[in-house]
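The values are calculated or read from the model by the stated rules, or taken from the named source; none is laboratory data. None of the values given here were measured: they were computed from a predicted structure. Methodologically, a virtual Cβ is constructed for each residue, glycine included, from the backbone with ideal geometry; neighbour enumeration extends over all protein chains shown. For accessibility, only protein heavy atoms count, side chains too; no ligands or nucleic acids. Shrake-Rupley method; radii C 1.70, N 1.55, O 1.52, S 1.80 Å.
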Amino acid sequence: PEALIARLEAASTLTTSLDLTSEQVDAVRQLPGASAVNYEDERLTLQTTRPIDTLVALQQLAIGAGQPIRDINIRQPNLEDVFISLTGHAIRD
């Protein structure tokens with residue numbers, strides 16, 4: 001399973017609750033490995049190819065802004081992502 005997931009070369013998804021200004025959101029787009037940044041209603045979601053580096057840099061940004069990170073979740077690619085990539089369809093119950 002690990003080899004299939006690695007072959008996919010998919011990004012991890014990082015989500016967190018954080019109060020950011022538009023300038024700070026622009027700074028998030030420049031974090032290491034970050035791509036596909038979405039910020040809405042104090043909810044930040046981004047794709048990253050370097051989740052640990054992105055998380056460390058995001059924490060430093062939040063500290064510099066005096067804004068606490070209230071929660072955080074990092075979702076790694078999994079076998080369902082591989083299945084969707086290969087078939088174009090989600091797994092049905």
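Points worth noting:
- Count of region 53-93 residues, restricted to those that are open to solvent by 60 Å² or more (accessible area, probe 1.4 Å) and assigned to a helix (DSSP H, G or I), is 13.
- Summed over region 1-37, the residues that are under 25 Å from Leu79 (Cα atoms), outside any helix (DSSP H, G or I) and open to solvent by 80 Å² or more (accessible area, probe 1.4 Å) give a count of 2.
- Flag if Arg50 is among the basic types (Lys, Arg) and surrounded by 12 or more Cβ atoms within 10 Å (Cβ to Cβ): yes
- Flag for Thr45 being surrounded by 14 or more Cβ atoms within 10 Å (Cβ to Cβ), among the β-branched types (Val, Ile, Thr), within 11 Å of the chain's Cα centre (by Cα) and part of a helix (DSSP H, G or I): no
- Lone unmet requirement of (1) on the phi > 0 side of the Ramachandran plot; (2) in contact with a strand residue (DSSP E or B) (Cβ under 8 Å, 6 or more places away or on another chain) for Ala34: (1)
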